[in-house]
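Where a number appears in this text, it was derived from the coordinates with a stated rule and is not lab data. Computed from a prediction, not measured in an experiment: that's the story for all the values here. Backbone-built Cβ (ideal geometry, glycine too); neighbour counts: all protein chains shown.
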Amino acid sequence: MASVYRALAIIGMVFISPVVLPAVVFIGVLYDFFSSELPPGIGEPLKLRFYHSLMTAAMVLGKILEKLGICSDLTVLRVLFNGIPPWRDSKLLIKDLRVDEVPLRIYQPKNPPSGKRRGILYFHGGAGTFGSIRSFERLCRYMAKKCNSVVVSVGYRLSPEHPYPGQYSDCLNATLYFMKNLEEYHVDPALIIISGDSCGANFATVICHMLLNARDLPKVRAQVLLYPGLQGLDFQLPSYQQNASVPILFRKLVIYFCFRYLNKKPSFFEDIIQNCHVPESMRLKYKKWISADIIPEEFKVRGYVPPKPTSFKPEVYEVAKEVLGLTFSPLLAEDSIICQLPETYMVTCEFDVLRDDGLLYKKRLEDNGVQVTWYHSESGFHGILAFFGYGIFDFLSGKKIMDSTVNYINSL
């Protein structure tokens, strides 16, 4: 069905492109220029502005095609983020298979192993609504070669066609398949790493939560979390304020994609930004874990203003309550869970609305005795790894993130 949607989108674009496409791209450029903010210090701003304009144009074109009854509005965005397929790699064996209807792509170095290898599960980002195995093909190939590891990229099914929380079930089933077939891939059961970026990092840590009481399965050696999204309780944290209009993930886009992921009509944007969806009892209970007071002062110097108190609105809670659940917001898990989690590698980016999710989770893990290795990209932004491996079209900050990640994995 996904291929049918893509075909319809392409056909639609062919017919309307002579008139509509130039106008849509122009709208994307104008919207980016007048709505986005590129703060001093962000890496390669002109390149970022170009990519954000493309993303905006794809979303506008998607809305047009949906109005015409051609395809879902997300289809064009999915086509864009699929990127360009890379050339065949002579150094890797690449195998595609399906497990319980979930596509997997397994990357193995061709050189004979001297011993058992690490096994890396990778869950891609994309707000649970776009992104794919193909989107992160270059990144997974890079890890497989540089870490001399078996990498399993999981093509979990996307929302809203595959409703939330089905993505977690897909990721769990893929993980269980891999853990039960380690011998086939010559993987050391003591060296299993669960990783992901953005929402994929959320999936990775939730899967680690789910596996804590699993019997007859290997223990996860480490979780690798690349700019994770981990909570829907506070959209007034310093990073949400400072980076509210920084590409490619605006604060309002976070809420928009949350609704799309939950298969709900987007609404109450301003009320949710003001945290009116959070009951006072919950706000007080979790203040010890999710609060600007916990964020180090050096991360508040770029214009953070403590928010004014707001009142709880039950009607807003009703439409947004899923974002306060433990699956969507693993930062709310009890200490009894957090203290059992594996060693963690965490990446945060300075110009990312989700930066403080990572900082808060880092502190929670450390407070519970979990070893954390932290890499902070001073010039990075959210989604930077979606462009990794495209030569002059990628970002130096993304390359540094991947090199640091590879070094960490190789140290295990």
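Give the calculated FRET efficiency between LYS63 and ARG157 to the nearest 0.05, with a Förster radius of 22 Å applied to their Cβ-Cβ distance. Numbers along the way, then the final one.
Numbers: r = 23 Å, r/R0 = 1.04.
Once the sixth-power term is evaluated, E becomes 0.45.
Taking the charge dipole of the chain about its Cα centre, with +1 at Lys and Arg Cβ atoms and -1 at Asp and Glu Cβ atoms, the residue from LEU332, HIS52, TYR185 reaching farthest to the positive side is TYR185. Ranking PRO266, VAL347, ILE255 by how far each Cα lies toward the positive end of the dipole of the chain (charges on Cβ) leaves VAL347 at the top.
Rounded to the nearest 20, the Cβ-based charge dipole of the chain about its Cα centre (Lys and Arg +1, Asp and Glu -1) stands at 820 debye. Under the criterion of Cα pairs below 8 Å and six or more residues apart, the relative contact order for segment 116-226 equals 35 percent.
An ellipsoid equivalent to segment 331-370, defined through the eigenvalues of its Cα gyration tensor, has semi-axes of 20, 10, 7 Å when rounded to whole angstrom and sorted largest first.
Distance from the Cα centroid of segment 138-199 to that of segment 342-412 is 18 Å (rounded to whole angstrom). Taking 0.36 nm per residue of separation and subtracting the Cα-Cα distance, full extension of the segment from LYS288 to GLU366 would add 26.6 nm. Averaging sequence separations of C-alpha pairs under 8 Å and six or more residues apart, then dividing by the length of the chain, give the relative contact order as a whole percent. Computed over the chain, the figure is 15 percent.
Screening the chain for DSSP H helices whose Cα atoms reach 27 Å or more along their own axis and whose mean Kyte hydropathy is at least 0.0 gives 45-67.
Put simply, the amide H of ILE248, placed in the peptide plane, has neighbours under 5 Å in HIS382, leaving out anything fewer than 5 places away on its chain. Pairs spanning more than 30 Å between alpha-carbon atoms, out of LYS63/LYS321; LYS308/LYS399; LYS180/LYS264: LYS308/LYS399; LYS180/LYS264. Assuming R0 = 22 Å, what is the FRET efficiency of THR310 and SER245, from their Cβ-Cβ distance, to the nearest 0.05? According to the calculation, E is roughly 0.60.
Convex hull volume of the Cα atoms of the chain, normalised per residue: 140 Å³.
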